[in-house]
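So the structure is just underneath, and the comments pick up after that.
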Amino acid sequence: MKQGKRSTVRRLMAGSAVFLLMLAGCAGNQVAADAPASSVGEKAVVVVSVTHDAETGRRAKAGFVLDRDSKIHSTRVLRSIEEVLGVPKGSDFDDVHGRVYVLDVEPGTHTVSSWFTITGMSRLEPRTEPPALTFDVRAGEVVYIGNLNLNHVAGRSLIGVKAVAGAVPEVRDRAAIDIPLAEKRVASIKGRVATRLLPLGDWTASPGPRKGAVE
């Protein structure tokens, strides 16, 4: 992975207002497994998966933020590893760590706003904000927008311990894997998922320091 793509900054968790916001945030309403087809037909539903590389394992937890700057929609944080009462859930996949989400959203325009990863007692985030990834969904639609994946870059801490030195976010098409998992989880969306992918490939930030970023 090229050094120039590691557009990240490491900060301590303690005292970070943004981290506290991330901690408090959640995926929001998800479509219930037993939701009837008539109920789903009245919703706007988004299917998306969030993953990180298998090599990093549980040493890091990737997250993607939806609608952070929206004045209409609630902010949601989607994580590659979810926890219940502090206990990590297992992965939905064998090849990577991650989860498939079936989200109940308000109809309209939404954005994937940013990303982060938590590792040890610190976190990584973009030095500069990446361009927002925008998508639309209408009432009655079930839309698959792709896989949000974070590739961690290995490094070592000041004392020589293995650590995450950087991360590169990307959008991938894993419809062949993600959609069947989503349909298995929520049977009423089976055969109704339309694929409208976000722009595929590396999701990198524009050059220049982010306001308030620590160099």
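The values are calculated or read from the model by the stated rules, or taken from the named source; none is laboratory data. What you are looking at is a predicted structure, and each value in this text was computed from that prediction instead of being measured. Neighbour counts are summed over all protein chains in view; Cβ atoms, including those assigned to glycine, are modelled from backbone coordinates with ideal geometry. These accessible areas exclude ligands, DNA and RNA; they are computed on the full protein's heavy atoms, side chains included. Shrake-Rupley method; radii C 1.70, N 1.55, O 1.52, S 1.80 Å.
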**Item:** Residue count, segment 132-169 (criterion: open to solvent by 30 Å² or more (accessible area, probe 1.4 Å), at pLDDT 85 or above, in a strand (DSSP E or B) and more than 20 Å from residue 182 (Cβ to Cβ))
**Value:** 2
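Could we say that residue 75 is open to solvent by 20 Å² or more (accessible area, probe 1.4 Å) and more than 16 Å from residue 203 (Cβ to Cβ) here? Walk me through it before giving the result.
Details: open to solvent by 20 Å² or more (accessible area, probe 1.4 Å): yes; more than 16 Å from residue 203 (Cβ to Cβ): yes.
Considered against the rule, which asks whether it is open to solvent by 20 Å² or more (accessible area, probe 1.4 Å) and more than 16 Å from residue 203 (Cβ to Cβ), residue 75 comes out as yes.
Looking only at segment 71-89, decide whether some residue is part of a strand (DSSP E or B) and at positive phi. Quick ask: steps written out before the conclusion?
Just the residues of segment 71-89 that are part of a strand (DSSP E or B), to begin with: 76-79, 83-84, 87-88.
Those still in the list that are at positive phi too: none.
Within segment 71-89 (the criterion being part of a strand (DSSP E or B) and at positive phi), the answer is no, since none of the residues qualifies.
Within the group 103, 66, which residue is out of contact with any His (no Cβ under 8 Å at 6 or more places or on another chain) and crowded, with 18+ Cβ neighbours inside 10 Å? Give the derivation first.
Details: 66 fails: out of contact with any His (no Cβ under 8 Å at 6 or more places or on another chain).
From the options 103, 66, the qualifying one is 103.
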**So residue 70, is it touching a Ser or Thr at 6+ places or on another chain (Cβ under 9 Å) and free of Cβ contacts under 8 Å to residues at least 12 places away in the same chain** = no
